[in-house]
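Structure, as structure tokens:
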Amino acid sequence: MKKHLLNCILILLFTSFGFAQQGRLNNYSSVEDNAYSSNQAASNPKGSQSAVITTTTSTCMSINLPAPATWSLVNYGTGSPTFAQDGFVSGPNVYLDKEKAMYFDVSASANASITHVYVGFSHAYTATQTKTVALKIYDGTTTNVIGALLGITTLTMGEIMADVALNQYSDFYFPVPINLPASKKFYASVDVTGLAWGAIKDSLSIVSNTHPQSTPSPAWEKQSNNIWYNYSNATSSWSLNISLLIHPFLVQSPVLSNFTISSNSICAGQSTNYNSAGSTTGGTLFWDFGTIPTPTSNIAAPSINYPSSGTFTTYLLVNDACGSYALSTKTVLVKPNPTVGVNITSTNVCSGTNVTLSGTGASSYLWTGGITNSVPFAANSSINYTVTGTAANGCTNTAVSSVVVSANPTVTINSSTLSVCSGNSVTLSGSGAGSYVWTGGVSNGIAFAPSSTNSYTVTGTQGICSGTAAVNVTVNNNPTVTASASSSLICTGSSVTVSGGGATTYTWTGGVTNATPFSPTATANYVVTGVGSNSCTATATVNVAVSLCTGIAENVINNNIQLYPNPNNGNFTIESSDLSQTAIIVIFDNIGKLVYQQNIEQSTTLVNTNLVAGVYTVKVIDMNTVKSVHKLIMK
């Protein structure tokens, strides 16, 4: 009589209580608003077990699904306010009931294994969502006796609360199907002993039909004393003839889920091929590839690209026509691609400049454009080079390096002349660039006197690039002009003839004509300018002394130092018998510049000057004293 409290039993009626079947990968719309009313349960015991209503195919069946159209779905509760004081008839309550069960008889069916069970819950709540609710299968061979436990599986309250929020059945899945006893009679029970009815109440209610809709059979409960009672028991239970929304799924043979992978070790960005061969034929396939988007269609052999590295678990859920399913998993290792970079000696170079490109971040590298990693090459045009780097794990990645090549300026040379006489100036100027640097000490656009025939190169720079040009400047030798007089000393009134040598034509100062006698009136130097066949010129000087011839002689002292031959080709001999070991010979050109110096270490000294043709002054100096002075002509 403890539960037969007619004035406290309340009923929650739903105007539309339609549960959605679990698709595991789909969400469905929720039910309409609920309407509340109370009703007194009537006493209508029903002691016999009835046959089940089933949805059956040739290979599987689901029981009472969808719920029979004759059922009006409700939640029964006890206490006032509604459910809050004493809890639920088909759930945890103040009476500390432990389990709620439905009896099933499928002896007329060929199906002999249970794969999973749908349960329609409502009003699910707990503060600790990790608490579990168990679904148990018991042997029902003996009439009205809950027999041996055949199998058990669980869901967390968090999972059940999520199902309730979506108005969908909670699915208790058996990884290994439960084999029924030979009688194919069994009980499916919801165990709520993991929940508590105390100061903070755990709420959970199994939806039922409305009393006295007892088809297929009244529900059962295991009370706190571990004794099972039929709901219809008017003395010890609720005096209710109702059935619970508990729907077992049965198969003749287990649903099979199996698939193969073309490769379970790939690189990021690559694809692997799946094939569901070996799964139950005709089943509905649902793939889940971890973080990879799941195909929405029933694809037997999908190909999946994995853009990032990691370890991914693939799930294949196979449903049969009755909603039974099997799950298989495999793991794919997606290896990371290397982060490939490029080290470059320069990104902006001039045409023809060597550039070195070196890949980083991998183990080996392959470049486009025919270049080799870390080997210099001449860059002639702007281009992008792509490197493919391969890591030790076999994965690859690419990087692109841009080499900007600037054109070298086209440098040309402007020159005042390219052929000059020795001692004359020439001006060399570069064009086509911004600045210029010459070899040979030449300054751009500034005249200079080359000493010999030579090639001059200019480097013109524009920005960071440069170009070169070269020019040859020919230096023609001046003639070795000599000047002689028919006599170096004449008397006043006498005539003398001066003659030039070593050139083609001659012009004298002082109004003198070459090789033509004239009568000088005073001692003077006469300068001849000789023009050679190459139009180059040179000069020579001769002194003609004019004496009154009064008998006074002019003496030239050279201290017994002899120089011969003279003229010569730059090689001559100095003889002296009274010079010390510190004596030297010095030679000056016609403008007084020191052009040669040599020690005199013996009485006969050979001098090899390699000087150009001309007239020179030779001095012998000993003990800081000039011992002799000679005019030297070199041809």
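Quick note: the coordinates plus some simple rules give every number you see, no bench work behind them. Keep in mind the model is a prediction, meaning the values are calculated, not measured. Using ideal geometry, Cβ is built from the backbone for each residue, glycine included, and neighbour counts are taken over all protein chains shown.
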### Task
Evaluate E = 1/(1 + (r/R0)^6) for Thr291 and Ser236, where r is the Cβ-Cβ distance and R0 equals 56 Å; express this FRET efficiency to the nearest 0.05.
0.55
### Query
Could you give the length gained on full extension between Thr154 and Val404, defined as 0.36 nm per residue of separation minus the Cα-Cα distance, in nm?
83.3 nm
### Query
Residue by residue, what Karplus-based ³J(HN,Hα) values in Hz, rounded to whole numbers, does region 191-201 have, using 6.51, -1.76 and 1.60 with θ = phi - 60° and x for Gly and Pro?
9, 10, 5, x, 9, 10, 10, x, 5, 9, 7
### Query
If each of Ser72 and Ala378 carries a label point 7 Å out from its Cα toward its Cβ, how far apart are those two points in nm?
10.0 nm
### Task
Using label points projected 7 Å from each Cα along Cα→Cβ, tell me how many nm separate Asn560 and Thr329, to one decimal.
12.5 nm
### Query
Taking a point 7 angstrom from the Cα of Thr128 along the C-beta vector, which residues in region 158-189 have backbone N less than 18 Å away?
158-161
### Message
7 Å from Cα along Cα→Cβ at both Thr582 and Asn477: what's the point-to-point distance in nm?
### Response
3.9 nm
#### Entry: Model label zone, Ser499; criterion: amide N under 13 Å from point 7 Å along Cα-to-beta-carbon; scope region 505-522
514-517
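Plugging the Kirkwood radius over Cα pairs into Stokes-Einstein for region 149-244, at a temperature of 20 °C and a viscosity of 1.002 mPa s, what D comes out in µm²/s?
Calculated translational D: 137 µm²/s.
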### Task
Can you tell me how much longer the chain between Gln213 and Thr573 gets when fully stretched, taken as 0.36 nm per residue apart minus their C-alpha distance, in nm with one decimal?
114.5 nm
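Sorting Ser422, Ser494 on the 10 Å Cβ count, fewest up front, what's the list?
Ser494, Ser422
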### Task
Please work out the C-alpha center-to-center distance from region 68-123 to region 193-264 and express it in whole Å.
4 Å
### Summary
As straight-line cross-link partners of Lys593, the qualifying lysines (C-alpha separation under 19 Å, not fewer than 8 residues apart within one chain) are Lys619, Lys631, Lys635
### Task
Return the long-range amide H neighbours of Ala196 (sequence gap of 5 or more, or a different chain), with a cut-off of under 5 Å between placed amide H atoms.
Asp202
### Matching label, Rg/Rh (Cα atoms, Kirkwood Rh) computed from the structure shown, candidates (i) 1.00; (ii) 1.66; (iii) 1.11
(ii)
### Task
Rank these for me by crowding, Val145, Val607, going from fewest to most other beta carbons within 10 Å.
Val145, Val607
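Whole-Å semi-axes of region 562-634's equivalent ellipsoid, largest first, each the root of 5 times a Cα gyration tensor eigenvalue? All intermediate terms of the calculation are to be shown ahead of the outcome.
Working: eigenvalues 73, 35, 19 Å².
One finds semi-axes of 19, 13, 10 Å for region 562-634.
For the pair Ala392 and Ala165, what calculated FRET efficiency results from E = 1/(1 + (r/R0)^6), where r is the Cβ-Cβ distance and R0 = 51 Å, to the nearest 0.05?
Values: r = 49 Å, r/R0 = 0.96.
The formula returns an efficiency of 0.55 here.
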### Message
Show me, for region 133-143, the HN-Hα J-couplings you get by feeding each phi into the Karplus relation (A = 6.51, B = -1.76, C = 1.60, θ = phi - 60°), rounded to Hz, glycine and proline as x.
### Response
10, 9, 10, 10, 10, 10, 5, x, 4, 7, 4
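Where does region 341-406 land on the Kirkwood hydrodynamic radius, alpha-carbon pairs, in angstrom?
Numbers: mean 1/r = 0.0840 Å⁻¹.
When all Cα pairs of region 341-406 are included, the Kirkwood radius is 11.9 Å.
Report, to one decimal in Å, the Kirkwood hydrodynamic radius for region 482-547 based on all distinct Cα pairs.
11.8 Å
So, R0 is 35 Å and r is the distance between the beta-carbons of Asn590 and Ser429; what FRET efficiency does that work out to, to 0.05?
Working: r = 32 Å, r/R0 = 0.91.
Using R0 = 35 Å, I get an efficiency of 0.65.
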### Query
Where in region 528-542 does the amide nitrogen come within less than 19 Å of the point 7 Å from the Cα of Val612, taken along Cα to Cβ?
528-541
#### Entry: Ellipsoid semi-axes in whole angstrom, largest first, where each is sqrt(5λ) of the Cα gyration tensor of region 283-369
49, 13, 8
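So for region 412-476, what percent of the C-alpha to C-alpha distances run longer than 18 Å?
Details: 599 of 2080 pairs.
For region 412-476, the share of Cα pairs beyond 18 Å comes to 29 percent.
What is the gain in length, in nm to one decimal, between Asn444 and Thr625 on full extension, counting 0.36 nm per residue of separation less the C-alpha to C-alpha distance? Don't jump to the answer; show the numbers that get you there.
Values: separation 181, 0.36 × 181 = 65.16 nm, distance 4.58 nm.
Difference between extended and current length: 60.6 nm.
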### Query
What lysines could a cross-link reach from Lys201, if we take a straight Cα to Cα line under 16 Å and drop same-chain neighbours fewer than 8 places away?
Lys98, Lys131
